[in-house]
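Step one of this worksheet: look at the structure below.
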Amino acid sequence: MTDHERKTIHIPEVCRVEGHSAVHVDIDAGKVSSVTLDVFEGTRFFEKIVLGHHYEEIPHITSRVCAICSTGHVLAAIFAVEQALGIAPSSTTLLLRELLHLGMLIESHATHIYALALPDYVGAPDLSDLASRYPDQFENWNQLRNLGAAIQTIIGGRPFHPVNMHVGGLSRFPAHSDLKKLLAMLSSSLELAFSTCDLLLSFKPPVARTTQPVFLALVPRETEYGFFGNTVRSSEGWEEPVQNYKQYLGEHSVPYSHAKQSTARGKPLMVGSMARLSLFGHRLGRHARSVYTASPLASGDMNSLWNNLAQAIEIVECIYQAELVIEKLLVELPRGGGDTGLKRLPPKAGQGAGAVECPRGTLYHCYSLDDRGHIAAADMITPSAQNTARIELDIREVVTQFVDKEPETLQANLETLVRAYDPCNTCATHMVSVKYN
Amino acid sequence: MDRLEQPLPCISVHSLTGCAGEELVILENLQKALPLVRVVSFPFAQSANEMRPVDIAFVEGSVSQPHDLEKLKAIRATARWLVAVGNCAVWGCVQGGVCRRFTPEQMARDVYGQDNQIAALPSAPLDKYVRVDVKLSGCPIDAGQFLSVLASLLKDHLPYITHKPVCLECKLKENGCVLVEKNLPCLGPITAAGCGALCPTFGAACYGCWGPCEAPQMEAMEIVLKEKGYAIDEVISRLTAFGIPQEIYSRDKPLELKVSRQ
């Protein structure tokens, strides 16, 4: 290939991601002239959908932004509304929310790693091929996913779109017998989580970006690794309260995509498992820490493709933490579980922002309530939207570096790269095409 | 002929605009179906996808942009049975509900700015545009109901899908009534069952995510909720949030006419 050739790489629909997106790269005389990640998922205007609804309805509505991280959208909404109403949840409520959230992380990470990302590494074009040639991996996925789904079903009511989470608390406590079932499932799944890490460590990334990204993640509210917090930390050394998110997080629309793009103090950023590990890996529990410290991540190899591994390490951590949370709940909750006696809170005008660390990164919800408790204004910033600008930069760096690779191979590598971010286009409301001109 | 030599029936799974919840339920239950069918297209779950004639096409999501409509027409042209799965495909869900309050142009301007190039259609269920053979609502669909629809269609039977109210399942579970005993604004009496009365089982009010039951007793629902002290505009806001057209609840006159809005 000569320097004067014009090429295009176009991936019309990135498969095995949630929702719809395309990648388009233009290459002019051996140089990348433009990269676009186009999310062509139909827009749903959630900021408008919630307007006028009573705050009690909001978690059920925002849950529908995205199935796989619905629990995150439910909790971010609840935290934001509680902030607006000026109430703080009880420690038992927080523990139950945490357990539900850990269930979502396990289910989402397992599905992403095995069903969506793994086929790239083993060359399985379809599901029946994966199921028949890799029955063990297929079974691992089933078990881990079932674990996450069981946690969410027992705490939230179903595997996603939970019904038991409300502003102010839960409507029903789980019974000890159900929690003990979860404990048994958790302890039998730890080995599977370790073997998932080993599997991902055995794959050598085919391409790598060339610069370190800016990472952003919530500072966990406890001293351990965690997914809830009120302050965000950047790998550039600053911290900001979530309530000030508009000051550090820029969000703008791009003409070619239905997803907005974000920047952190003007720079592309990466959120998600890798960002969390990079900033707070030292806080991991003993199981996950042992895997993390021996991994390329701990020695500073921040290739985005290792995000799959980062997710696997988080599964180990989530299993460990879920066990700890259940032990605490077995002390705090009545044996038979049952009705919590949750009361409707008096409405009050106010504004509040809430954030949680979802599988793909920090999710922000912000609401203004009128004096009847109805939503007057709303804003949501999803992890996938925050990652988009960095994905485009990654693609640019990889194409620049491997411009002489066979277009088919390069295109496949780029799809793997995009997939490693586990983009959720239904969340971001976004696809891959590389054009060489 | 040896059964093993017969080609497997072909299915495809597609999504338009939605939360990918039905795709997730289908993916998580596909293992049970894999011995019986060949999945020729399922872009959420596999890379090798063909647009070719199938016995059954499952479609989730609502039609919310011209791209969705083109795709839906192409799917309809290849499918013997087209099954609308999930509230989005059957009723339009939350993105359908909001389109009765704002135009897509207004919303695009407010969310993406004046110069946006969003090509949005008012979100609508599939049957606004194409013939739909089976409608399986749910938000998300129930895995058991999905498998029974699949099994029926593989046997060339149209499936039976219940449209009895949530209350029926709630009573079978012997739950206490959250509407009567806890004064919660439960929409179970007018909402289609299939979820196993999930919210009331968890001590919470049903919020109608599966769409209306058959012959919903709206007048009675309204009287009860008024007695419980709920403002009618809040009731309507709840009723219509999940895409259900308001007209469906009124037999002779639109409910809106009886309401004095604040």
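Can you tell me how much longer the chain between residue B:177 and residue B:6 gets when fully stretched, taken as 0.36 nm per residue apart minus their C-alpha distance, in nm with one decimal?
Gain on stretching residue B:177 to residue B:6: 56.4 nm.
Would you please calculate the Kirkwood hydrodynamic radius of the range B:91-227 over all C-alpha pairs and express it in Å, rounded to one decimal?
Numbers: mean 1/r = 0.0579 Å⁻¹.
One over the average 1/r among Cα pairs gives 17.3 Å for the range B:91-227.
Assuming 0.36 nm per residue, please report the length gained on full extension of the stretch residue A:298 to residue A:331 beyond their Cα-Cα distance.
Using 0.36 nm per residue and subtracting the Cα-Cα distance, I get 8.3 nm.
Ratio to report: Rg/Rh of the range A:73-167, with Cα atoms as the point set and Rh obtained by the Kirkwood method; give two decimals.
Taking Rh as the inverse mean 1/r over Cα pairs, Rg/Rh reads 1.14.
What is the spin-label model distance, in nm, from residue A:349 to residue A:91 if the labels are put 7 Å beyond Cα along the C-beta direction?
3.7 nm
Sorted from largest to smallest, which semi-axis lengths in Å does the alpha carbon gyration tensor of the range A:285-437 give for its equivalent ellipsoid, taking the root of 5 times each eigenvalue? Working shown, then result.
Working: eigenvalues 309, 140, 27 Å².
Largest first, the range A:285-437 gives 39, 26, 12 Å.
Within the range B:114-216, list the chymotrypsin sites (Phe, Trp or Tyr not before Pro) lying in a DSSP loop whose Cβ has at most 16 other Cβ atoms in a 10 Å radius.
B:129, B:160
Within the range B:85-130, report the trypsin sites (Lys or Arg not before Pro) that DSSP leaves as loop and that have at most 15 other Cβ atoms within 10 Å.
Counting only loop positions with at most 15 other Cβ atoms within 10 Å, the trypsin sites (Lys or Arg not before Pro) in the range B:85-130 are B:100, B:101.
Find, among the GluC sites (Glu not before Pro) in the range B:8-50, those assigned to loop by DSSP (not H, G, I, E, B) with at most 13 other beta-carbon atoms within 10 angstrom.
Those that pass, being in a loop and sparsely packed, are B:50.
Could you derive backbone 3J(HN,Hα) for the range B:13-25 from the dihedral phi with the Karplus parameters 6.51, -1.76 and 1.60 (θ = phi - 60°), listing whole Hz in sequence and x where the residue is Gly or Pro?
Running phi through 6.51 cos²θ - 1.76 cosθ + 1.60 with θ = phi - 60° gives 10, 10, 10, 9, 9, x, 9, 6, x, 5, 4, 5, 4 Hz.
P(r) for the range B:3-154: what percent of alpha-carbon pairs falls in each 5 Å bin, starting at zero?
With a bin width of 5 Å, the distribution comes to 2, 10, 19, 22, 19, 12, 8, 5, 3, 1, 1, 0, 0.
log₁₀ I(q)/I(0) of the range B:166-248 at q = 0.14, 0.21, 0.23 Å⁻¹, via Debye over equal Cα point scatterers, no solvent, to two decimals?
Rounded to two decimals, the profile gives -0.40, -0.94, -1.14.
Of A:181/B:32; A:260/B:71; A:48/B:164, which sit over 29 Å apart, Cα to Cα?
A:48/B:164
Check residue A:358: other-chain or 5+ apart residues with amide H under 5 Å from its amide H, H built from backbone geometry?
Result for residue A:358 returns A:363.
Rounded to the nearest 500, what is the 222 nm mean residue ellipticity of chain A from helices alone, with -39500 (n - 2.57) per DSSP H run of 4+ residues and division by all residues?
After summing the helix terms and dividing by the residues of chain A, the value is -13500 deg cm²/dmol.
Take the Cα radius of gyration of the range A:134-240 and divide it by 2.2 N^0.38 Å, with N its residue count; two decimals is plenty.
Against the empirical 2.2 N^0.38 Å value, I get 1.43 for the range A:134-240.
Looking at the calculated P(r) for the range A:359-416, what percent of the C-alpha pair distances fall above 17 Å?
That tail contains 59 percent of the Cα-Cα pairs.
Suppose R0 equals 22 Å. What FRET efficiency, 1/(1 + (r/R0)^6) with r the Cβ-Cβ distance, do residue A:184 and residue B:33 give to the nearest 0.05?
Details: r = 29 Å, r/R0 = 1.30.
Given R0 = 22 Å and the Cβ-Cβ separation, E is 0.15.
Suppose we keep just the alpha-carbon trace of the range A:206-272; what are its Rg and Dmax in angstrom?
Taking only Cα atoms of the range A:206-272, I get Rg and Dmax of 13.8, 42 Å.
Bin width 5 Å, alpha-carbon pairs only: give the P(r) of the range A:37-102 as whole percents, running from 0 to the bin holding the largest distance.
Per 5 Å bin, starting at zero, the Cα-Cα P(r) for the range A:37-102 comes out as 3, 15, 22, 25, 16, 10, 5, 3, 0 percent.
In whole Hz and in residue order, list the ³J(HN,Hα) couplings for the range A:137-148 that follow from phi through the Karplus curve 6.51 cos²θ - 1.76 cosθ + 1.60, θ = phi - 60°; x for Gly and Pro.
5, 4, 5, 4, 4, 3, 5, 5, 5, 4, 4, x
Given the -39500 (n - 2.57) contribution per DSSP H run of 4+ residues, what per-residue ellipticity at 222 nm results for chain B, rounded to the nearest 500 deg cm²/dmol? Before the final figure, lay out each step's value.
On the way: 10 runs with 89 residues, N = 262.
One gets -9500 deg cm²/dmol as the mean residue ellipticity at 222 nm.
Please order A:141, A:238, B:81, B:91 by the number of other Cβ within 10 Å, starting at the fewest. Could the numbers behind the result be given before it?
Numbers: A:141 23, A:238 12, B:81 20, B:91 27.
The fewest-first ordering by Cβ neighbours comes to A:238, B:81, A:141, B:91.
Using only the alpha-carbon atoms, what does chain B span along each of its principal axes? Please give whole angstrom values in decreasing order.
66, 54, 31
Can you give the three extents of the C-alpha atoms in chain A along their principal axes, from longest to shortest, in whole Å?
Principal-axis extents of the Cα atoms in chain A, largest first: 72, 48, 40 Å.
Over the range A:1-154, with a single point scatterer placed on each C-alpha, what log10 of the ratio I(q)/I(0) does the Debye formula yield at q = 0.14, 0.20 1/Å?
Once normalised to I(0) and log-transformed, intensities are -0.92, -1.22.
Values quoted throughout were computed directly from the atomic coordinates according to the rules given, and no laboratory measurement underlies them. Everything quoted here is computed from the prediction, not taken from an experiment. Note: ideal-geometry Cβ built from the backbone for every residue, glycine included; neighbour counts use all protein chains shown.
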